[in-house]
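The values are calculated or read from the model by the stated rules, or taken from the named source; none is laboratory data. Everything numeric here is computed off the predicted structure, so don't read it as measured data. Cβ placement follows ideal geometry from the backbone for every residue including glycine, while neighbour counts extend to all protein chains displayed.
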Amino acid sequence: MAGIPARLAWRRATVLRHIDEAPHVKSLVLDVPGWAGHRAGQHLDVRLTAEDGYQTERSYSISSAPAEPQVTLTIERLDDGEVSPYLTDVLHPGDELEVRGPIGGWFTWRPEEGGPLLLVAGGSGVAPLMAMIRQRAAVRSPAPVCLLYSSRTYEEIIFREELDRSAVADGDLVVDYTLTRTQPPGWQGYSRRIDRAMLEEVAWAPEEHPLIFVCGPTPLVESVATLCVGLGYTPERIKTERFGPTGGDA
């Protein structure tokens, strides 16, 4: 239709490969013809069409860095979901699906914005924050980053191996985990929901004016945002994005 920006037009993307990230979570690496790039934190809409013509759409955050040539969506399989079971269990390399985007402008980070960055994630809400971490590494941004990531169990930490490797290799990237349901033997991280004391321990002082990005289930996002304001962080530098019923009690 005339007048629709190219990024909002539906196009066919090809699945190049899928990556098992955690139980019930997969990343789909897509080739999107005519892709003009994105900003870390943006998302794509995905549309499925049934044989009888029924259509349904869902939005998924892009977890790949803008510097990467392909587009990666990280998807949690919801047992009662209309779209996620198809994307995670049925699609194979070479299959196509309809996408449009990138979409979203508020919950984004560009390297020229600098830092420090405080990234707070619950469950699969880590996906857009991972795009920020990957982009920072790709362009060698000096902005210091702290990721505070809440999961129910150790096995459910998405991107865990990559995050751990990156934190070891990069002294300006700190990754802290908290496990809210069960913890493995010898666990040294946090073992509760994110609270005021935890934020005070891991984050920069409000006087350093960090950019804060919070993404995950609505209760976590609202709680963390309220805590950050209460701790004295600048409200205008706190950006939030709420996911659907994901992350459980994270």
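Kindly list the number of the only condition in (1) in a loop (DSSP other than H, G, I, E, B); (2) more than 30 Å from Trp35 (Cα to Cα); (3) in the same structural domain as Val214 (by TED's automatic domain parsing) that fails for Pro142.
So the condition that Pro142 fails would be (2).
Only residues that are assigned to a loop (DSSP other than H, G, I, E, B) and under 14 Å from Ser150 (Cβ atoms): list them for the range 188-200, please.
Gly189, Ser191, Arg192, Arg193, Ile194, Asp195, listed by residue number.
In the range 14-83, which strands (runs of 3 or more DSSP E) lie fully inside it and hold 1 or more residues that are of a type outside the set (A, V, I, L, M) and surrounded by fewer than 17 Cβ atoms within 10 Å (Cβ to Cβ)?
25-31, 43-49, 55-61
Just checking, does the range 177-198 include any residue being out of contact with any Gly (no Cβ under 9 Å at 6 or more places or on another chain), outside the structural domain of Glu82 (by TED's automatic domain parsing) and under 16 Å from Leu129 (Cα atoms)?
no
Quick one: in the range 219-245, of everything that is at pLDDT 95 or above and of a type in the set (S, T, N, Q), which residue is surrounded by the fewest Cβ atoms within 10 Å (Cβ to Cβ)?
Taking the candidates together, the pick is Thr226.
Considering only residues that are assigned to a loop (DSSP other than H, G, I, E, B) and of a type in the set (Phe, Trp, Tyr), look in the range 148-187 and name the one that is surrounded by the most Cβ atoms within 10 Å (Cβ to Cβ).
Only one residue tops the list, namely Phe159.
Quick check: anything in the range 147-165 over 26 Å from Leu78 (Cα atoms), under 20 Å from the mean Cα position of the chain (by Cα) and without any contact (Cβ under 8 Å) to a residue 60 or more places away in the chain?
For the range 147-165, residues over 26 Å from Leu78 (Cα atoms), under 20 Å from the mean Cα position of the chain (by Cα) and without any contact (Cβ under 8 Å) to a residue 60 or more places away in the chain: present.
Can you tell me which residues in the range 67-105 are out of contact with any Phe, Trp or Tyr (no Cβ under 9 Å at 6 or more places or on another chain) and over 18 Å from Thr14 (Cα atoms)?
Listed by number, the residues that qualify are Ala67, Arg77, Leu78, Asp79, Asp80, Gly81, Glu82, Ile103, Gly104, Gly105.
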